[in-house]
Structures are given as structure tokens and as C-alpha cells.
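**Q** Could you have a look at this structure, given as C-alpha cells, before my questions?
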Amino acid sequence: MTSLNNRQSPSFPIQLELPVMHLKIDPLKQMEQAIQRMLDLTWKTVLLHVSARSTKELMRQHGKLIALNDGEARIKVSSTPLLLMAIAKLPEIESAFRKAFGTTVKIRMEV
């Protein structure tokens, strides 16, 4: 009978293998996702500078920053009636961009 302390290690090497996941990495998709995360973070920063609670909630729930380029921001709103409401809030949104980034940003809204 062999005691536990006197056991010898096996003479063959032990090899552990991780399963290989065959995922296709799409660099373009990764770049699009990274850009959208940056836009989402930018939008949250802008919303922090919106004073009126009603405007902040309207834009938080139904607005999304989809592009920011050359001093122009494109904001998508979920429906035409909400777009009309959001257009009335443009001065507040422009002011929030100015407070957040210290520069004037032209706003374009779309459905």
C-alpha cells in the first residue's frame, strides 16, 4: 500500500487546453461600436448640462447622438411628434453643448 506522501508524479506531461472559440472578428464592427460608445458618453455629458428637467428627460429617453463632426451634432429622435417637441428645445440643447465643451455646436435633428 502506498501512502499519499510517497506517490510519484506521472511520467507523462499534463497538458491543459482551452476550447477554441471560432469567432469571426469584424474590425469594422468593433470600430463602429467604439465610436457609438464615445457618442453615447458625449451625449450623457451634454445631458448633464441641460437645465430643464423636462428637456433632459425627453432627450435622455427619446434622443440619441448619432454623429458629431466639424461643429455639427446629429441627434436622432424616436418619432415625428417627439421631433417637433425636441426642435422647440433646440436652444437648451445648444446651450448644453456650449457648457459641456466650451464651443458652439450646430444641432441637426432627425427621426
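All of the numbers you see were taken from the coordinates with simple rules; none came from a lab. What you see is a predicted model, and the numbers here were worked out from it, not measured in a lab. Cβ atoms come from the backbone with ideal geometry, glycine included; neighbour counts cover every protein chain shown.
**Q** Once you mark the trypsin sites (Lys or Arg not before Pro) that are in a DSSP loop and have at most 15 other Cβ atoms within 10 Å, what is the longest gap between them in the chain?
**A** 25-111
**Q** A follow-up question, please. Towards the positive end of the charge dipole of the chain, with charges on Cβ (+1 Lys, Arg; -1 Asp, Glu), say which of 111, 20, 90 has the farthest Cα.
**A** Ranked along the dipole, the leading option is 90.
**Q** Checking understanding here: applying a Kyte-Doolittle mean of at least -1.0 and a length along the axis of at least 27 Å (C-alpha), which whole DSSP H helices in the chain pass?
**A** Helix filter hits for the chain: 27-48.
**Q** Under the 0.36 nm per residue contour assumption, what length would be gained going from the current alpha-carbon distance of residue 64 and residue 101 to full extension?
**A** Here the segment from residue 64 to residue 101 would lengthen by 11.5 nm.
**Q** On to the next question. Over the chain, what is the relative contact order in percent, taking alpha-carbon pairs closer than 8 angstrom and at least six residues apart?
**A** 23
**Q** Which residue, 68, 31, 50, has the largest displacement toward the positive end of the dipole of the chain when charges sit on each Cβ (Lys, Arg +1; Asp, Glu -1)?
**A** 50
**Q** Please report how many Lys pairs in the chain have alpha carbons closer than 17 angstrom, counting only residues at least 8 apart along the chain or sitting on separate chains.
**A** Close lysine pairs found across the chain: 16.
**Q** While we're looking at this one, here's another question. Simple spin-label model, 7 Å along Cα-to-Cβ: residue 42 to residue 85 in nm?
**A** Here the modelled spin labels are 2.5 nm apart.
**Q** Could you compute how fast region 27-109 diffuses translationally, taking Rh as the Kirkwood radius over C-alpha pairs and applying Stokes-Einstein at 10 °C with viscosity 1.306 mPa s? Give it in µm² per second.
**A** 123
**Q** While we're looking at this one, here's another question. Determine the dipole magnitude for the chain: charges of +1 sit on the beta-carbon of Lys and Arg, -1 on that of Asp and Glu, nothing else is charged, the reference point is the Cα centre, and the result goes in debye to the nearest 20.
**A** That gives the chain a dipole magnitude of about 300 debye.
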